[in-house]
Every structure is written in C-alpha cells, then in structure tokens.
Amino acid sequence: MLDDRAKLLLKTLVERYIADGQPVGSRTLSRANGIELSPATVRNVMADLEEMGLIVSPHTSAGRIPTARGYRIFVDTMLTFDRQQLQAPSLVAEQPQKVITSAAQLLSNLSNFVGVVMAPKRSSVFHHIEFLRLSDKRVLVIIVTPEGDVQNRVIFTDADFSQTQLVEASNYLNAHFSGMAIDQVRERLQAEVDSLRSEIASLMQAAVNFSSEALVQSEDEVVISGERNLLSVSDFSSDMGQLRRAFDVFEQKAQLMRLLDISSQAEGVRIYIGGESQIVPFEDLSVVSANYEVDGQVVGTLGVIGPTRMPYERMIQIVNITSKLISNALSHKTN
C-alpha cells in the first residue's frame, strides 16, 4: 500500500516521463512543484517504489521510468481527467462504412497514434443455412443472412455425417428457425434437443455455435488508421524489431477484433497497459478504448493504440468524444 508521499512521487515521475520521455532522477523530482522533500528522502522513496516493481532504472541511467504496473496504478488512482472540451470536427452522417473509416482517421489524427474502429456487428439472424460434407468429420457450413450476405466456414464434428443427414439437418433448421436470431435458435434447440436424434442435434448445435461466433466478422470489419505514426515515436526508434512486432499486430486484424470485442463488454473508457490485453502483448504498447452506440444499442468499439508513455488524459478525451461523434452520425443515418 502506497502512502501519500510515495503516491505523490510516483504521480510526478509518471507525468514528467510522459512529458519528456527521459528517465527521471531524484534531484529532478525533489525540485518539482509541490514536493518538499530532500533529494535523499526522494531517493529512499524511489528505492521503495523500485522494490515494489512500479519503477525501474533503464540500463545504467541514474533516473527511473514507470513499469506497466506503475502506469496501471497511475491510471487507476491518480489520473485527473481534464473535462475541457476537445476541439474535434464532426462526423458527417453518411454510409456507415464511410463513418467508420472517418472515425478511425479522426482518432489517429487527434492522437498522433493508431486509430482502430470495429464496425457494427452484423445481424445474427439467418435466412438460410446449408451443410456440405467435405470429408470425414469435416463439414462446410453456408449461412445466408436476410441482407443477402453469405458466410462460409469449415467445422469439425465429433461424428462422421453422411450428406443425407446433412441435408436433413439443413431442412430442419430452415423450416423451423429461418428468420430467427442465433440466440433464439440456441434456446429453442436446447429445449428440443431431446426430441431430435442425438447425432443430428449435435450437428445443429455445432452450426449454431459457429454462427454465434461470427456470422462471420471479416477482416474488413476492423478499420485501422495511422500505423505509421508509430515510426515517429521515440520509444520505438531504438528498437525496430519491437516496432515490426507492433506492425504484425495490426496485420493480424482478427487479434484486434478480439480485443475490441472484449472491450465492448465494459462500460465507459477502458485502458489496457503493456501486455495486459494479451492481444497486444507488448510492454511498450497501450490501448484506450470505448463503445459506441446506434440508437442506444452498443454495436461496436473504437480505440487508440500507442506507446505506454502516452498522455492518458488526452487519449481518454479523444476516445470518449469520438465514440459520441460516431454514435450520433450512425444513429442519424439510420433514422
């Protein structure tokens, strides 16, 4: 547990490091506004903070920098949110994909980091479903949504089904569940599973599980803007290998999709520091994200990805206001 003196020094160190990007020494801290401690006392407190894993000395520098854990304590307990209105342009209500692309660019331009937006989830309602036998225990599932989108995926089943059985399953689902949401289908199947032949029931359950996973989110459902902004971040300039790994994350849009999907389950602005997200598992990358809505319903998530040494107060403002702008633009469009 940190006492008030340790909290003040950690907060001051983090803020100074975010502003300057240089390790902060005890003499610098002792001269900071609001700190009335001798350099010797500051050194002792810094030693305690280092022992707790909140700060660390890089290489042979006499100064200290925050660790991911130090940033986390700073964000959770010491961050003061400046509610000054951020000057941001509005998003024009137009085609949803254009709104999504504009929002990603806006996030990138305002933050000078990477803007990421997950497009609204597609309808979970299916119009038609079909199974095709590929080989032993491998089945191609084809789903047509009411909007005409066609989704395909190969699933692996516990049993080997004949094409006749697959046609029977397709016919049953189309006859009884066409036009229903996947969650409703799951509930109905659960209630009726005992009355169906067990092998057909398991196939249908596999199809429902597949459908609820995605109906299917394609790579185009995550829009990324400003990846090259990281090239100008001094934190990465000395380690191009680390920067290449960061770019690999952006190439794997499915990983970002999972992170944003997890974020959509939380309310308000959410912050992942260092490797906390497990999807962006790099000590020097952080993610600030928030949900956006259409007509009051959460439909997607957006965020900023940048170095852990980012001005979190400003990033919170940027993400928060962009979520409101995109919500207004998409809600207006659908009216």
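Per-residue Karplus couplings for the range 165-174, computed as 6.51 cos²θ - 1.76 cosθ + 1.60 with θ equal to phi - 60°, are listed in order as 5, 5, 5, 4, 5, 4, 4, 5, 5, 5 Hz, Gly and Pro entered as x.
Highest-first packing order for the peptide set 242-250, 323-331 is 323-331, 242-250, based on the mean count of other beta carbon atoms within 10 Å.
For the pair the range 98-172 and the range 11-26, the centres of their Cα atoms are 47 angstrom apart. The listed peptides 36-47, 92-103, ordered by packing as a protection proxy, come out as 92-103, 36-47 (highest mean of other Cβ atoms within 10 Å first).
Indicate the gyration tensor shape class of the range 4-78 (rounded, prolate or oblate), computed on the Cα atoms with a ≥ b ≥ c the square roots of the eigenvalues: a/c under 1.5 is rounded; otherwise a/b larger than b/c is prolate and the rest oblate. Note, shape of the range 4-78 comes out rounded.
For the range 4-78, the relative contact order is 34 percent, taking Cα pairs closer than 8 Å that sit 6 or more residues apart in sequence and dividing their mean separation by the residue count.
3J(HN,Hα) along the range 107-117, derived from phi through the Karplus expression 6.51 cos²θ - 1.76 cosθ + 1.60 where θ = phi - 60°, amounts to 4, 5, 5, 6, 8, 6, 10, 9, x, 10, 9 Hz, with x in place of Gly and Pro. Ordering SER234, SER26, SER57 by the number of other Cβ atoms within 10 Å of each residue's own Cβ, fewest first, gives SER234, SER57, SER26. Each Lys or Arg adds one and each Asp or Glu subtracts one; over the other residues with Cβ under 14 Å from the Cβ of ASP3, this totals +1.
The protection proxy used here, the mean number of other Cβ atoms lying within 10 Å of each residue, ranks peptides 159-172, 7-20 as follows, highest first: 7-20, 159-172. This ranking places ILE305, ILE142 by how few other beta-carbon atoms lie within 10 Å of each, fewest first, which gives ILE142, ILE305.
Only the coordinates and a few stated rules stand behind these numbers; no lab work does. No experiment lies behind these values; they were computed from the predicted model shown. Don't worry about glycine lacking a Cβ; one is built from the backbone with ideal geometry, like all the others, and counts go over all protein chains shown.
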